[in-house]
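What follows is a single structure, written as structure tokens, with notes after it.
The values are calculated or read from the model by the stated rules, or taken from the named source; none is laboratory data. In this text, all values refer to a predicted model and were calculated from it rather than measured experimentally. A quick note on method: Cβ atoms are made from the backbone with ideal geometry, for glycine too, and the neighbour counts reach across all protein chains shown. Each accessible area value is taken on the protein alone, full model and side chains, heavy atoms only, with ligands, DNA and RNA left out. Shrake-Rupley method; radii C 1.70, N 1.55, O 1.52, S 1.80 Å.
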Amino acid sequence: MSPMLLAAGEVGTGEAVTFWVLAPLAVLGALGMVWARNAVHSALFLTMTMLSLGVFYVLQAGPFIGMVQIVVYTGAIMMLFLFVLMLVGRDSSDALIETLRGQRTAAVLLGLGFAGLVCTALFQALRTTAPAGLDKANQAGNIQGVAKLLFTRYVFAFEVTSALLITAAVGAMILAHIERRTEDKVTQPTKMRQRFAPGNYPAPKPGPGVFATSNSVATPARLPDGTPADRSISKILPTRELTSAESAPKGTES
């Protein structure tokens, strides 16, 4: 075995510690993303998993794809979806309502089919196909080679992918938007009529310690001996003078 393969098979202490710290977080984030009942919490769990994956890429000598994972996927795309979810205010009860009939079953079947297609393609590519042309593409450097291919040969696919991401964000806002009918909105005159309807109390109720003999906020509270409490009202309010009947201790009125 060549020395290069031996060096590639070695795992440093720092790399091992980082893996054992972040690997459980990545798995917990993936499970939390699936099982979280709140859409915002689910997006935050997925963000934690994506950050862990970005660090793993950097540890495997892939700084470019690691930074793309952190900056593009986590910092841009996931934050965009998170802001959309927080803007529209979805909760777990809304997630149980199917906008399209049978969409959950269709999503599960399509997800399983896509996963099987990707796994089959990767298995066939890694089993029979040997990488070729990487030395020529990386002559100026890995980042320069990827950037040249991305913005020359694959620029159309790159632009189509960006358009799909924007379309997905707009679609998420449309699906999560709640349209309220005009007749459901309560106007100010309607609120006023409801306040003054028979049986309602339109004015604010008196604060603690105020007897029913007065509804004024400037009426001081009474102490156990029946005397008014000076600290029960603000100094900026004029104190309402109590009558002799009101200032008398409880139980001494005639």
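Couple of notes before you dig in:
- Segment ILE166..LEU223, full-extension length gain: 13.9 nm, with 0.36 nm per residue of separation and the alpha-carbon distance subtracted.
- Modelled label positions at GLN139 and ARG101, each set 7 Å beyond Cα in the direction of Cβ, lie 6.2 nm from each other.
- One chain, two ends: MET67 and VAL155. Fully extended at 0.36 nm per residue, the span grows by 29.7 nm beyond their Cα-Cα distance.
- Additional length obtainable on full extension of the chain from MET86 to GLN124, 0.36 nm per residue less Cα span: 9.5 nm
- Taking all protein chains together and a 1.4 Å probe, the residues ILE166, ILE70 rank ILE166, ILE70 from largest to smallest accessible area.
- Rounded accessible area of PHE45 (nearest 10 Å², 1.4 Å probe): 80 Å²
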